[in-house]
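The numbers here are math on the coordinates, done by the rules we state, and not lab data. Source: prediction; values computed, not measured. In this analysis, Cβ positions are derived from the backbone assuming ideal geometry, glycine residues included, and neighbour counts consider all displayed protein chains.
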Amino acid sequence: MYLAESRAAKAPATASGKRPGRGGAAVPPTVLALGAVSLITDISSEMVSAVLPLYVVTALGLSPLGFGVLDGINNGVGALVRLLGGHFADRGGRGHKTVAAIGYGLSALCKPLLLLAHTVTLIGGVLAVDRTGKGLRTAPRDAMISLATAPEHRGRAFGVHRAMDTTGALIGPLLAFAVLRVAVDGYDAVFTVSGCIAVVGVLVLLLFVPTPPASEELRPAPPKLSESLALLRLPALRRLVLCAVLLGLTTVSDSFLYLLLQRQLHLPTRLFPLLPLGTAASFLLLAYPLGALADRIGRRTLFLLGHAVLLAAYLTVLLATGAGAPVAVGVLVLHGLFYAATDGVLAAAAADVTPPGQVGAGLALVGTGQALARFACSLLFGAAWSIWGGHTTLAVTAAAMTAGAVTAGLVLRTTPGAAK
């Protein structure tokens with residue numbers, strides 16, 4: 001922490017009217033440092049995510065349905081906590097880094113705790129704390145990225161960060177399976193290695209991510225929680241939240257899409273674990289170029305186009321028949337393209353329409369709305385699948401996404417005072 005703060009103190013004073021930490025580079029060092037933190041942390045998190053379903057179902061005897069409910073509840077907790085993370089991060093110049101550090105620290109603490117949790121209740125509690133940490137850190141981390149970057153370069157800055165983050169998501173599962181193959185107590189070894197890696201991520205954050213110097217623009221009177229929620233009165237932000245929720249309600253979870261793809265194309269079950277890696281690889285390769293494209297054609301425009309790509313992936317799954325590895329690859333490329341065109345791009349668009357002193361809260365409002373909508377979609381999709389079957393449910397979802405995308409396009413088109 002002292003190293004990072006001393007570097008910030010030695011930096012030249014910013015010109016009047018400029019936000020601290022922002023330089024002329026399209027991708028400032030702060031963004032690269034935060035990308036390194038996310039890369040390391042995602043290696044740790046994805047190591048656990050890759051083995052946890054198997055561990056809970058086979059070793060502890062929880063049913064797949066029970067695990068799905070457990071995971072869904074924890075995701076909902078993380079989405080709600082994100083609001084608090086964004087609010088508290090905006091309460092001072094050091095707030096963003098402090099809240100992010102607490103979030104990363106909580107997640108790091110959870111990895112070794114899994115060694116002691118041998119019941120479903122205890123594991124559920126550990127996962128809830130882990131999701132709380134993720135919810136706390138997301139908005140302040142994205143706020144630091146946006147505040148360190150010139151507005152015209154935010155798309156590519158978020159693209160670089162998401163690419164580095166996704167690199168960790170690729171490495172994590174591969175490392176977990178390697179540990180399982182060589183370790184005697186495989187699951188305990190995975191949790192131990194994951195915890196050590198998570199600690200490294202926290203240290204990188206404290207040592208190499210600079211704290212922005214004090215600024216009147218970044219340090220207004222600490223906002224109340226009601227003032228953070230009152231950001232929804234801003235027409236541009238309110239409409240962006242509305243569109244994120246509307247499209248999130250028709251965004252099928254990754255797990256459901258992979259399961260449909262495997263069944264529709266009759267892929268061997270041994271290939272199922274590789275499907276997420278295909279999406280991640282596509283996301284990794286496309287995140288930066290699409291972020292740069294968003295800076296040129298408009299973030300809202302690319303966000304809508306990304307959902308059109310996801311709709312194309314749905315239609316490909318619906319129309320595909322028989323075995324076909326090339327079709328599977330095509331769907332995974334489209335799936336990664338969707339994330340590259342929407343994930344960081346949405347955060348950049350939210351930063352564009354949020355007051356500088358409340359960027360964390362604005363990003364949290366958009367992210368929470370989208371996360372809760374996707375959680376609701378997962379519950380509805382699972383229930384509908386049990387009644388209609390997966391193919392029919394996906395067809396209905398595709399029709400709903402078409403209507404939602406058209407509506408979102410009309411809503412965003414009438415947004416005053418926002419970038420495209």
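Annotations
- Whole-Hz ³J(HN,Hα) from phi, Karplus 6.51 cos²θ - 1.76 cosθ + 1.60, for region 292-299, glycine and proline x: 5, 4, 4, 5, 8, 9, x, 6
- FRET efficiency, 1/(1 + (r/R0)^6) with R0 30 Å, evaluated for residue 200 and residue 395 via beta carbons: 0.10
- Here the simple spin-label model places points 7 Å from the Cα toward Cβ, and for residue 121 and residue 296 these points are separated by 5.8 nm.
- Counting only Cβ charges, +1 for Lys and Arg and -1 for Asp and Glu, the dipole size of region 294-420 around its Cα centre is about 200 debye.
- The reciprocal of the average 1/r between distinct C-alpha atoms defines the Kirkwood hydrodynamic radius, which for region 144-186 equals 12.5 Å.
- Taking each residue as 0.36 nm, the span from residue 188 to residue 227 lengthens on full extension beyond its C-alpha to C-alpha distance by 9.6 nm.
- Of the peptides 227-234, 362-369, 304-311, 171-178, the order by per-residue mean of other Cβ atoms within 10 Å, starting with the highest, comes out as 362-369, 304-311, 171-178, 227-234.
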